[in-house]
């Protein structure tokens, strides 16, 4: 893996490259990346105000959103400097295993890993894993369609 370039790829850098803004930008740092893999960190902050939290708390299924944002950041990192940003749409998730029911304050920081398994100019498949201090919270595969608006 390639270590993140200096200065570190922080929340500000990430927010400039993905469509998720303000509280919905869930990732805080890119820890490392290569052409095929990215590892990010997310600090959970105040879970009572978390945008994905319901009255019952924050379900572990929301780890998929953390992984999807890591995939988007990875796409921005591997794109050529001359490429226009590409919109990616999460088309499906498969083989998802939730190893917990909830994401809790004690889980901070989350470590989010996504690995590009295959892909072409229109579709990408990633494997993902979201870990916390208490172990793996969720893992699976995700299919992303790039520039879906241009498919018509």
Worksheet item: Can you give the three extents of the C-alpha atoms in the range 92-152 along their principal axes, from longest to shortest, in whole Å?
Response: 44, 20, 18
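Rounded, prolate or oblate, given the Cα gyration tensor of the range 2-151, with a/c below 1.5 counting as rounded? Intermediate results must be reported in sequence, preceding the final value.
On the way: a/c = 1.62, a/b = 1.37, b/c = 1.19.
The shape class here is prolate.
Computed from the coordinates by the stated procedures, all read-outs in this text should not be read as laboratory data. In this text the structure is predicted, and so the values were computed from the model without any measurement.
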